[in-house]
1. Does region 60-75 hold any residues that are open to solvent by 70 Å² or more (accessible area, probe 1.4 Å) and either more than 13 Å from Ile23 (Cα to Cα) or assigned to a loop (DSSP other than H, G, I, E, B) (or both), and which are they?
2. Which residues, counting only those in region 6-34, are assigned to a loop (DSSP other than H, G, I, E, B) and either open to solvent by 30 Å² or more (accessible area, probe 1.4 Å) or touching a helix residue (DSSP H, G or I) at 6+ places or on another chain (Cβ under 9 Å) (or both)?
3. Inspect region 41-59 for any residue being over 17 Å from Ser8 (Cα atoms), open to solvent by less than 30 Å² (accessible area, probe 1.4 Å) and assigned to a strand (DSSP E or B) and give the result as yes or no.
4. Go through region 76-89 and give me each residue that's more than 30 Å from Pro22 (Cα to Cα) and open to solvent by 100 Å² or more (accessible area, probe 1.4 Å).
5. What are the residues in region 1-41 that are among the aromatic types (Phe, Trp, Tyr) and out of contact with any Phe, Trp or Tyr (no Cβ under 6 Å at 6 or more places or on another chain), if any?
Amino acid sequence: MTSVTSTSIAITWTAPAAGDSPITGYDIKFYPEGSQGNVLMQHVTKTSATLSQLKPFTTYNITVAALSSYGKGLESDAVMLKTRESGICHFET
């Protein structure tokens, strides 16, 4: 489930199989569509995060990569979500 407002996007994801090394966290990469020069990163240790201080009515590309003692895994396929025009909260499943 995702929760989207005019300035934030809350996301959740399913952890991949850990393999030989336990997952120690996740790197989330997000940036406004068409603006890869302004990439923002957030590091989290659980399978959810809220991306905040976003621009209203803007589409963001979001990817997640797992981290382990071996390093950073492959990034997920990009998800594109658009912030709202106003402060009204909208839920998507």
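1. Across region 60-75, the qualifying residues are Ser69, Tyr70, Leu74, Glu75.
2. Let us first name the residues in region 6-34 that are assigned to a loop (DSSP other than H, G, I, E, B), namely 6-8, 13-22, 33-34.
Thr7, Trp13, Thr14, Ala15, Pro16, Ala17, Ala18, Gly19, Asp20, Pro22, Glu33, Gly34, listed by residue number.
3. Checked against the condition, which is being over 17 Å from Ser8 (Cα atoms), open to solvent by less than 30 Å² (accessible area, probe 1.4 Å) and assigned to a strand (DSSP E or B), region 41-59 yields no hits at all.
4. Matches in region 76-89: Glu85, Ile88.
5. Trp13, Tyr26, Tyr31
The values are calculated or read from the model by the stated rules, or taken from the named source; none is laboratory data. None of these values were measured; they are calculated from a predicted model. All Cβ positions, even for glycine, are placed from backbone atoms using ideal geometry, and neighbour counts span all protein chains on display. Calculation scope for accessible area: heavy atoms of the full protein, side chains included, ligands and nucleic acids excluded. Shrake-Rupley method; radii C 1.70, N 1.55, O 1.52, S 1.80 Å.
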